[in-house]
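Q: I am attaching a structure below and will ask some questions about it afterwards.
The values are calculated or read from the model by the stated rules, or taken from the named source; none is laboratory data. Predicted model only: the values in this text are computed from it and were never measured. Heads up, the Cβs are rebuilt from the backbone with ideal geometry, glycines too, and the neighbour counts pull from every protein chain shown. Each accessible area value is taken on the protein alone, full model and side chains, heavy atoms only, with ligands, DNA and RNA left out. Shrake-Rupley method; radii C 1.70, N 1.55, O 1.52, S 1.80 Å.
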Amino acid sequence: MADTEYRRIFDAARDRAFFGFLALVQRAIQDAGRNIAALEVKSNIDRAALASLRHFLHQDGNVFLRRIDAHFRRMLDRAMQTMYIDLRANMRKLTADELSLIDDDAVSHQIEVGRLTQRMRDACEESIGRLNVIIAHMHGEHEAKERENPFRPYLLARVLYDATRESVAGEAKAKLLFEQLADALIPHLPGFYNAVRQVFESAGIRGKFIAQQSRTACFQRYFGASLQEQHNAFSARILPVLHRMQETMRFPSDGAGRMPDTMHDFLRSMLSPSRIAPWPGTTAGKGDVTPAGNSLAAQLDVYQKKVAKGEAIDERMPQQGNQLFALGERMNFDKASAAERMTVEVTAMLFEFILDDEQIPPQLRALIGRLQIPILKAAMLDPSLLRNEGHPARQLLNRMSTATVASDPATQEGRQLGEEITRIVNRILAEFGNDVSIFAASLGEFESFLAAHLSRDSSRTSAAIEAVEVAEKISILLTNITKELCDALLPMNADKRISDLIINVWPHVLVRAAWEDRERQTSSMHSDSLFQMYRAVLPNLLWSVQEKPDQHERSALMRMLPDLVKRLTAALRLIELPEDEGRQIMDQLVAMHMQVLRGASKAAEKELRGLDKLRQDFMRVTVDWDRISWELAEPPQPRGDLIEQVLARRQVSCSLNLGINTMAALPADRALLTQAYLLGTKVEIRGTDDIGKTAQLVWISSHRSLYLFRQDDGALTIYSCAALLEALREGVIFTVEYAPVFDRAVETLLFGAEKVQAGAF
């Protein structure tokens with residue numbers, strides 16, 4: 001791995017750890033405060049100690065956080081510098097003068113830190129183990145050592161211990177705080193380690209020397225199985241190819257003149273996501289690719305036409321089986337490069353796994369299997385397909401497979417899905433020549449089909465989808481209108497009391513008015529709309545609390561007040577503001593109006609805006625329901641009360657998971673959801689009873705702030721972006737497919753190659 005790439009990945013992991021650990025401790029402090037308040041005390045001394053700790057967390061929590069942050073940054077930076085660099089003193093070289101006795105405090109320190117370290121390790125054993133392997137792998141080591149992992153739990157425990165001792169006076173008090181924070185921190189620790197590990201795994205580094213277990217291990221055919229079971233996972237058609245590659249094949253260079261050391265290394269360089277240059281003699285392109293001198297692509301055209309007519313390449317093999325091994329025996333490789341011959345062999349082996357994947361129903365698997373030759377030809381025209389996870393041909397194969405997981409072809413929904421896959425496959429077989437962009441076009445068509453197919457499953461789902469979209473628009477509209485009102489008020493230098501009312505209350509009034517207009521099918525720009533009516537209150541309200549220098553303006557205010565009060569009361573009732581809060585607002589306005597009418601305050605040296613000018617200023621606040629936009633990178637924050645109101649209005653029952661107090665989503669987190677959680681994805685959701693229920697992602701709101709899942713029993717669940725990420729970190733929700741079908745095939749092939757290389761098969 002290039003040094004710059006190495007540094008980029010570790011810098012990204014370090015930044016994720018800095019942010020994640022600070023957020024982790026912040027949540028632990030909040031939980032510890034609640035836990036301390038709930039503790040039963042046995043004496044006045046205990047009560048005083050707990051009260052003192054609660055006071056410390058409340059008053060000095062931010063100072064404590066800064067101290068934690070400083071300790072962690074210093075220790076993590078040091079650990080990053082010393083990874084697999086032995087700076088520890090050699091005991092054989094130490095003299096007696098350099099040794100010293102260990103005092104009681106140091107022993108106590110080691111015991112407490114060691115105990116918390118073990119608890120952390122037990123809570124996140126899998127993630128920490130994978131991180132150990134990943135970091136060893138990146139340093140070229142074949143033995144993973146936790147002490148070389150800069151994110152090891154010992155550092156976290158040591159930071160917490162040192163910061164606690166420095167912040168709290170008194171041994172007993174410091175020990176009690178350390179214990180309470182440790183108890184509160186442990187439940188949230190898996191999310192921290194999963195987030196750090198994701199930085200490496202998103203770069204394609206998953207730990208070379210261990211197989212990865214998943215919650216769907218029954219479909220991950222080689223993990224934890226006996227050697228015989230692993231052997232059975234690789235059919236008689238795969239092992240001979242791997243053995244032949246190992247014994248007789250000369251591997252082509254990787255594009256930089258380097259020859260792979262082993263067959264396994266060659267396959268890894270060929271299949272793993274990387275920035276390796278195209279192999280010599282090949283052309284990686286997009287769109288229309290002319291295979292100059294590529295006789296293999298021309299030969300594949302002939303066989304593609306046979307498949308389009310329903311004819312088998314090998315009559316001894318059923319059409320739903322793997323035809324590529326027979327194809328390789330019949331093709332003329334005289335003018336082919338070593339890389340092209342290897343592409344045929346490797347693609348054939350990958351389809352052997354794809355066509356044997358138990359998660360895809362056999363009937364639908366057979367339909368997808370008809371893409372064998374088009375995928376192989378696409379790989380000939382664009383060799384990056386085999387290692388480019390974003391290649392449209394590979395994405396199309398994965399998306400169709402994901403949509404079929406756990407489907408029943410006998411149901412109406414299953415038949416419709418099969419018909420659409422058949423249509424797309426037939427089109428590609430008939431039309432695919434040299435233009436690989438047909439896969440991108442087909443992918444777009446399939447995504448459009450899924451959106452319509454999943455939404456029309458039932459009237460209840462359709463109503464919930466509409467509610468999700470409306471709720472997101474309302475949330476966006478609330479944010480946008482608040483910003484517009486702030487912009488309008490900024491140059492006015494208005495009384496803070498009236499500014500607070502407008503900024504805190506009136507966005508809700510205008511959004512609710514626009515929503516009511518939409519429900520009544522009235523344009524918000526129409527003069528009779530509720531939005532127009534309540535927007536018109538704003539200039540009158542601001543003008544009403546301005547000083548009135550003469551009796552004429554005070555008389556005009558007297559005439560305005562009855563209608564203004566009436567509309568203010570109606571606005572507060574529209575948003576269902578609690579009665580006591582509404583009364584407080586009205587009392588404050590009465591006091592302000594009385595002051596203006598008495599002329600008690602002298603005019604300040606500032607410009608007073610006339611009513612006409614104020615009306616012009618607020619005319620800029622507009623609503624176009626069909627063109628509501630969101631310009632920020634992170635998704636809008638949905639409001640639970642608004643979603644509940646929208647669902648109730650449409651009489652839709654749906655559970656909400658909005659992620660209260662969840663960690664902020666980083667760009668990498670949002671990218672993970674964009675890549676892994678697509679329409680049609682099947683997931684398992686674990687309830688409080690730890691029983692998993694299968695569900696399908698049936699809708700994603702336009703700005704990806706809300707995700708709607710439908711369980712097998714028809715129950716609907718909404719997750720916000722933050723809540724979904726939190727559920728992933730906590731292991732509450734996970735995909736039924738541990739990886740897309742093409743990636744599963746690649747992973748299984750690499751595992752087999754490693755075993756063959758080691759002589760296990």
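Q: Are any residues in segment 347-375 among the small types (Gly, Ala, Ser), under 18 Å from residue 409 (Cβ atoms) and in contact with a helix residue (DSSP H, G or I) (Cβ under 9 Å, 6 or more places away or on another chain), and if so, which ones? If you could, list the steps in order and put the result at the bottom.
A: Of all residues in segment 347-375, those among the small types (Gly, Ala, Ser) come to 348, 366, 369.
So of that shortlist, the ones also under 18 Å from residue 409 (Cβ atoms) come out as 366, 369.
Matches in segment 347-375: 369 only.
Q: Hey, any hits in segment 418-428 for a residue that's within 28 Å of the chain's Cα centre (by Cα) and among the hydroxyl-bearing types (Ser, Thr, Tyr)?
A: no
Q: A further question on this structure: From the residues in segment 742-761 that are touching a Leu at 6+ places or on another chain (Cβ under 7 Å) and not in a loop (DSSP other than H, G, I, E, B), which one is surrounded by the fewest Cβ atoms within 10 Å (Cβ to Cβ)? Before you say what the answer is, go through the steps one by one.
A: Going residue by residue through segment 742-761, those that are touching a Leu at 6+ places or on another chain (Cβ under 7 Å) are 742, 745-746, 749-750, 752-753, 756, 760-761.
Applying the additional criterion that residues be not in a loop (DSSP other than H, G, I, E, B) yields 742, 745-746, 749-750, 752-753, 756.
Numbers: 742: 24, 745: 23, 746: 26, 749: 21, 750: 17, 752: 25, 753: 25, 756: 21.
So, considering only residues that are touching a Leu at 6+ places or on another chain (Cβ under 7 Å) and not in a loop (DSSP other than H, G, I, E, B), the one surrounded by the fewest Cβ atoms within 10 Å (Cβ to Cβ) is 750.
Q: While we're on this one: Looking only at segment 621-641, filter to residues that are over 16 Å from residue 707 (Cα atoms) and in contact (Cβ under 8 Å) with a residue 60 or more places away in the chain; which one of those is surrounded by the most Cβ atoms within 10 Å (Cβ to Cβ)? First the steps, then the outcome.
A: Filtering segment 621-641 down to residues over 16 Å from residue 707 (Cα atoms) leaves 621-633, 641.
Narrowing the set further to residues that are in contact (Cβ under 8 Å) with a residue 60 or more places away in the chain leaves 621-625, 628-630.
Details: 621: 19, 622: 15, 623: 24, 624: 12, 625: 16, 628: 18, 629: 9, 630: 19.
Once the filter is applied, the top-ranked residue is 623.
Q: Provide a single number: the residues in segment 477-499 that are open to solvent by less than 60 Å² (accessible area, probe 1.4 Å) and free of Cβ contacts under 8 Å to residues at least 40 places away in the same chain.
A: Adding up the residues that qualify gives 4.
Let's see how each residue does on (1) at pLDDT 90 or above; (2) acidic (Asp, Glu); (3) assigned to a helix (DSSP H, G or I):
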| site | (1), (2), (3) |
| --- | --- |
| 541 | yes, no, yes |
| 594 | no, no, yes |
| 603 | no, no, no |
| 613 | no, no, yes |
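Q: Which pairs turn up if I take residues in segment 704-718 that are at negative phi and look for partners that are charged (D, E, K, R) with beta carbon separation below 6 Å, at least 6 apart in sequence or on another chain?
A: Within 6 Å, the pairs are 705/472; 706/472; 711/693; 716/710.
Q: Filtering segment 405-418 down to residues that are surrounded by fewer than 21 Cβ atoms within 10 Å (Cβ to Cβ) and modelled with pLDDT of 90 or more, which residue is nearest to residue 371 (Cα to Cα)?
A: This residue is 418.
Q: Then there's this: Restricting attention to segment 170-186, does a residue exist that is within 21 Å of residue 132 (Cβ to Cβ), at pLDDT 75 or above, touching a helix residue (DSSP H, G or I) at 6+ places or on another chain (Cβ under 9 Å) and open to solvent by 20 Å² or more (accessible area, probe 1.4 Å)? Steps first, please.
A: Keep residues of segment 170-186 that are within 21 Å of residue 132 (Cβ to Cβ), which gives 185-186.
Those left that are additionally at pLDDT 75 or above: 185-186.
Restricting the remaining residues to those that are touching a helix residue (DSSP H, G or I) at 6+ places or on another chain (Cβ under 9 Å) gives 185-186.
Narrowing the set further to residues that are open to solvent by 20 Å² or more (accessible area, probe 1.4 Å) leaves 186.
Yes, that holds for at least one residue.
Q: When you look at residue 329, is it under 25 Å from residue 240 (Cα atoms), more than 33 Å from the chain's Cα centre (by Cα) and assigned to a helix (DSSP H, G or I), yes or no? Show your work before the answer.
A: Numbers: under 25 Å from residue 240 (Cα atoms): yes; more than 33 Å from the chain's Cα centre (by Cα): yes; assigned to a helix (DSSP H, G or I): yes.
Yes: the conditions hold for residue 329.
Q: Taking residue 392 as meeting all but one of (1) over 23 Å from the mean Cα position of the chain (by Cα); (2) within 21 Å of residue 681 (Cβ to Cβ); (3) crowded, with 21+ Cβ neighbours inside 10 Å, write down the number of the exception.
A: Going through the list (1) over 23 Å from the mean Cα position of the chain (by Cα); (2) within 21 Å of residue 681 (Cβ to Cβ); (3) crowded, with 21+ Cβ neighbours inside 10 Å, residue 392 breaks only (1).
Q: Take the residues of segment 632-643 that are at pLDDT 75 or above and part of a loop (DSSP other than H, G, I, E, B): which is farthest from the chain's Cα centre (by Cα)? Walk me through how you get there before you give the answer.
A: As a first pass, look at segment 632-643 and keep what is at pLDDT 75 or above: 635-643.
Cutting the leftovers down to part of a loop (DSSP other than H, G, I, E, B) gives us 635-639.
Values: 635: 11, 636: 15, 637: 15, 638: 16, 639: 20 Å.
Among them, the one singled out is 639.
Q: For segment 507-528, which residues satisfy the criterion of being open to solvent by less than 20 Å² (accessible area, probe 1.4 Å), out of contact with any Leu (no Cβ under 6 Å at 6 or more places or on another chain), in a helix (DSSP H, G or I) and farther than 15 Å from residue 570 by Cβ?
A: 514, 515
Q: Looking at segment 419-431, I want the residues that are closer than 19 Å to residue 363 by Cβ and open to solvent by less than 20 Å² (accessible area, probe 1.4 Å) and have a partner that is outside any helix (DSSP H, G or I) and charged (D, E, K, R) with Cβ atoms under 7 Å, at least 6 apart or on another chain. Which pairs are those?
A: Pairs found: 425/370; 429/370.
Q: Filter segment 332-346 for residues that are farther than 17 Å from residue 303 by Cα, open to solvent by 10 Å² or more (accessible area, probe 1.4 Å) and not charged (D, E, K, R); which is farthest from the chain's Cα centre (by Cα)?
A: Per the criteria, the residue is 336.
Q: Return only the number of the condition from (1) modelled with pLDDT under 80; (2) among the hydrophobic types (A, V, I, L, M, F, W, C); (3) open to solvent by less than 60 Å² (accessible area, probe 1.4 Å); (4) under 30 Å from residue 147 (Cβ atoms) that residue 41 does not satisfy.
A: Condition (4) is where residue 41 drops out.
Q: Out of 425, 470, 509, I need the residue that is more than 29 Å from residue 740 (Cα to Cα) and at pLDDT 90 or above. Which one? Break it down into steps so the answer makes sense when it comes.
A: Details: 425 fails: more than 29 Å from residue 740 (Cα to Cα); 470 fails: at pLDDT 90 or above.
Testing whether each residue is more than 29 Å from residue 740 (Cα to Cα) and at pLDDT 90 or above leaves just 509.
Q: Oh, and also: Take residue 461 and tell me if it is of a type in the set (Ser, Thr, Tyr), farther than 20 Å from residue 531 by Cα and outside any loop (DSSP other than H, G, I, E, B). Outline the logic, then answer.
A: Numbers: of a type in the set (Ser, Thr, Tyr): yes; farther than 20 Å from residue 531 by Cα: yes; outside any loop (DSSP other than H, G, I, E, B): yes.
Against the criterion (of a type in the set (Ser, Thr, Tyr), farther than 20 Å from residue 531 by Cα and outside any loop (DSSP other than H, G, I, E, B)), residue 461 qualifies.
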